[in-house]
Amino acid sequence: MQSKRTKALAACSDSRAKNRWIGLASSMANLKFIMKNLLLFLAMASLAAPQGDPISGEHIRADVKFLSSDLLEGRAVGARGGQLATEYIATQFALAGLQPAGDNGSYFQKVPLVGITTRPTVKLSATGKGQTVDFKYMQEFVGVDQRQKAVEQFDAEAIFVGHGIVAPEFQWDDFKGVDVRGKMLVLFTNEPDSNDPKFFGGRALTYYGRWSYKYEEALRKGALGVIIIHTTPTAGYGWDVVRSSWSGEQPVVKLAPGAPELALTGWLTKEAGEKLLAMAGKHVDELLKASNSRDFRPIPLGIRIRGTIPSKIRALDTRNVAGLVPGSDPSLKSEVVIFSAHWDHLGIGEAVNGDTIYNGAVDNGTGCGILLEIARAWAALPQKPKRSALFLSVTAEEGGLRGSEYYAAHPIIPAAKTVVDVNYDALLPLGRTTDIVVAGAERTTLWPIVQHDAQRLHFEIAPEAHPEQGHYYRSDHFSFARAGIPAFSIALGSHFAGKPAGFSEEAFKEFNTRHYHQPSDEYHADWDFSGLQEAARLGFLIGIDAANLDKMTTWNAGDEFLAAREKSGVK
Ligand SMILES: [Zn+2]
């Protein structure tokens with residue numbers, strides 16, 4: 001049987017060559033040309049044959065299995081398990097024949113961060129109308145002092161600010177000019193309800209809906225801190241995810257002396273939120289409703305929030321892993337396509353059903369396995385694409401996309417010379433899908449090749465199954481997009497071949513509610529990696545085509561990231 005490798009290689013070679021074959025077949029010179037190409041093709045095919053398929057789901061399985069084993073202790077940033085993971089990835093890069101692209105001839109780009117761990121003696125209370133409520137850490141609240149101090153103390157007025165959004169393009173302003181300097185903002189994450197794609201993206205979450213936006217806007221407004229009242233629908237996940245994500249060590253970029261930061265980035269459970277709001281005579285559902293109105297105005301709650309936040313602070317030395325395969329064109333090889341996947345996960349944390357290791361098999365052992373497999377296939381290509389390929393496994397994604405943010409600020413290859421970032425994050429190995437999600441690609445000049453390559457692999461391009469989850473703003477490609485680089489993740493669609501309707505929805509629900517950011521995100525021997533294999537193939541083909549493009553890529557007219565692209569120097 002003809003292996004998929006020969007097919008893929010034939011497909012990868014420039015399609016214009018095929019037209020040349022037909023058009024020029026009449027002269028001897030052209031016959032020579034055909035023979036040369038045919039011989040090259042046969043040579044490639046015979047080289048390829050013994051190795052079989054260049055992209056193998058079983059290779060991806062082996063990487064996922066190792067990276068998510070208990071031995072790696074959940075791959076925490078600044079911990080032994082994380083160091084081992086980066087060493088493993090660098091070793092795989094070396095074995096595949098990638099050139100070191102990190103600092104001082106190594107595979108590592110050092111990312112200096114600070115780790116903040118809130119100590120369990122943290123106190124948070126609310127006082128109003130002669131009554132005080134103390135909130136219980138972990139059961140009722142979690143939070144971090146972003147000022148990177150050993151102990152932070154505050155006593156501040158609380159003001160409810162709805163969704164905390166200022167979006168002039170949607171004529172939306174939750175603050176209405178009210179001065180919130182020095183105050184504790186109480187708000188909901190997410191954004192106003194909408195089915196109109198022109199209004200906050202309709203059902204899809206825009207960046208305004210993400211918690212990270214809320215904290216950034218609060219800081220711009222000079223607020224003291226933020227308390228988000230959690231609800232499962234507004235967050236898109238349950239309290240256990242908030243708790244496990246915020247109670248461990250938080251890797252952040254070291255604060256410059258005198259730089260402003262929030263004294264608290266915190267979360268309250270819905271029940272604790274009810275207790276807080278009851279002191280102001282309000283209810284969660286009532287305020288959620290009020291927050292959906294354009295006429296909403298900030299509501300001073302008549303409550304003071306007191307906090308004492310002791311933190312353990314330490315310098316965190318962590319690293320991105322970077323390997324390069326040089327391009328074949330003397331002038332274009334200074335430009336790159338980037339493949340990325342974060343290697344970090346949550347490490348060792350609070351026990352759930354007696355298990356303390358947050359293995360992160362799906363999140364993001366799978367992305368790392370795919371990244372490594374594409375790297376191996378790329379390095380084995382007998383004829384390298386014109387541009388170079390940079391394989392980047394970034395750190396500290398779980399702590400807020402820190403590793404990719406650091407790369408964007410300290411690029412190995414400048415943004416203007418970067419054609420695309422193709423990212424992989426958390427793919428469920430449950431078999432092949434007939435559809436694929438490449439959300440964001442349609443907003444870039446890469447769209448025709450993405451469509452073409454999806455078609456070659458018989459993939460239907462599907463819209464995001466859960467646009468309300470705001471995945472575009474939740475993974476590393478977003479850091480590249482903010483730097484102007486056309487960037488998107490490749491994710492599996494929701495139609496699993498040979499599985500009943502509803503299978504995907506069930507599987508997503510099961511993962512999102514029971515295993516996402518939990519110790520039970522573990523490797524399973526019965527996983528089927530054929531879908532990940534196809535997702536890797538698609539990225540491989542897109543990467544090759546992008547590396548051979550005549551023109552530098554950009555974002556489409558009117559896109560939110562176009563200005564950043566132009567600022568980077570791409571016109
Ligand atoms: Zn994650």
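The values are calculated or read from the model by the stated rules, or taken from the named source; none is laboratory data. Small disclaimer: the values here were computed from a predicted structure and weren't measured. All Cβ positions, glycine included, derive from the backbone under ideal geometry; neighbour counts span all protein chains shown. Keep in mind that these areas ignore ligands, DNA and RNA; they rest on the heavy atoms of the full protein, side chains included. Shrake-Rupley method; radii C 1.70, N 1.55, O 1.52, S 1.80 Å.
Observations
- Close contacts from segment 225-249, counting a first residue that is free of Cβ contacts under 8 Å to residues at least 24 places away in the same chain and a second that is buried (at least 20 other Cβ atoms within 10 Å of the Cβ), with Cβ to Cβ under 6 Å and a gap of 6+ residues or different chains, come to none at all.
- Residue within segment 505-516 that is crowded, with 20+ Cβ neighbours inside 10 Å, touching a residue at least 24 places away in the same chain (Cβ under 8 Å), away from the ligand (no atom under 16 Å from the Cβ) and not acidic (Asp, Glu) present: no
- Considering residues of segment 388-412 that are open to solvent by less than 20 Å² (accessible area, probe 1.4 Å) and touching a Lys or Arg at 6+ places or on another chain (Cβ under 7 Å) only, the residue nearest to the ligand (Cβ to nearest atom): 396
- Residue within segment 519-530 that is part of a helix (DSSP H, G or I) and within 16 Å of the chain's Cα centre (by Cα) present: no
- Identity of the residue in segment 59-104, charged (D, E, K, R) and in contact (Cβ under 8 Å) with a residue 12 or more places away in the chain, that ends up most open to solvent (accessible area, probe 1.4 Å): 65
- Number of residues in segment 207-234 that are part of a helix (DSSP H, G or I) and farther than 15 Å from residue 469 by Cβ: the value is 7.
- Any hit, segment 256-271, residues being more than 16 Å from the ligand (Cβ to nearest atom), farther than 24 Å from residue 316 by Cα and free of Cβ contacts under 8 Å to residues at least 60 places away in the same chain: yes
- Identification of strands (runs of 3 or more DSSP E) wholly contained in segment 101-146 with 3 or more residues that are within 14 Å of residue 267 (Cβ to Cβ) yields 141-144.
- Criterion: surrounded by fewer than 22 Cβ atoms within 10 Å (Cβ to Cβ), of a type in the set (D, E, K, R) and within 16 Å of the ligand (Cβ to nearest atom) - qualifying residue of 203, 220, 210: 210
- Residue in segment 258-280 that is surrounded by fewer than 19 Cβ atoms within 10 Å (Cβ to Cβ), of a type in the set (A, V, I, L, M) and within 21 Å of residue 310 (Cα to Cα) present: yes
- Comparison of 421, 435, 453 shows that the only residue that is acidic (Asp, Glu), away from the ligand (no atom under 14 Å from the Cβ) and out of contact with any strand residue (DSSP E or B) (no Cβ under 8 Å at 6 or more places or on another chain) is 453.
- Meets criteria (touching a Lys or Arg at 6+ places or on another chain (Cβ under 6 Å), surrounded by fewer than 20 Cβ atoms within 10 Å (Cβ to Cβ) and acidic (Asp, Glu)) for residue 442: no
- Segment 345-368 residues that are over 11 Å from residue 519 (Cβ atoms), paired with ones that are of a type in the set (Val, Ile, Thr) and more than 11 Å from the ligand (Cβ to nearest atom) (beta carbon under 7 Å, 6 or more apart): 365/64; 366/64; 368/89
- Taking every residue in segment 407-418 that is touching a residue at least 40 places away in the same chain (Cβ under 8 Å) and pairing it with any residue that is among the basic types (Lys, Arg), at least 6 positions away or on another chain, the pairs with Cβ-Cβ distances below 7 Å are 408/482.
- Residue within segment 293-310 that is under 28 Å from the mean Cα position of the chain (by Cα) and open to solvent by less than 60 Å² (accessible area, probe 1.4 Å) present: no
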